[in-house]
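A short reminder: the numbers here are calculations on the coordinates, not readings from a lab. Predicted model only: the values in this text are computed from it and were never measured. Here the Cβ positions follow ideal geometry from the backbone for every residue, glycine too, while neighbour counts run over all protein chains shown.
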Amino acid sequence: MQWYATEKRKQVVVPTAFWWLSLAGSLLLLSYALFHDRDSVFIFAYAFTWIPYIRNLMIHRRHAAAHLNCPSCRLVCPPHSKFCFACGAGLSSGVEKTSP
Ligand SMILES: [Zn+2]
């Protein structure tokens, strides 16, 4: 998934779906280790792998919520933008936020 996104954009990209799939995979392996295999090394190997996946999803959500809507053309602009890059209208940071 991540490799496909990177090849398509010709730059290193880590899409949100990559973190969701990684989270699902690590939880499946952890539950297999806990309830079927019961090998302590296998359990310990997958006990903490979900932490960076959850953290990356949290950071992605925060970053997406910080994008600003242009008051005149309604274009979604990157966080901390002072002006809309399409129409040049001033953006007031923190006031015009994208609704989730
Ligand atoms: Zn605009």
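Which members of the range 62-87 meet the condition of being free of Cβ contacts under 8 Å to residues at least 24 places away in the same chain and part of a strand (DSSP E or B)? Correct list: V76, C77, F83.
Checking each residue in the range 34-56 for being more than 28 Å from the chain's Cα centre (by Cα) and of a type in the set (G, A, S) picks out only S40. Only one of the numbered conditions (1) assigned to a helix (DSSP H, G or I); (2) surrounded by 14 or more Cβ atoms within 10 Å (Cβ to Cβ) is not met by I51, and that is (2).
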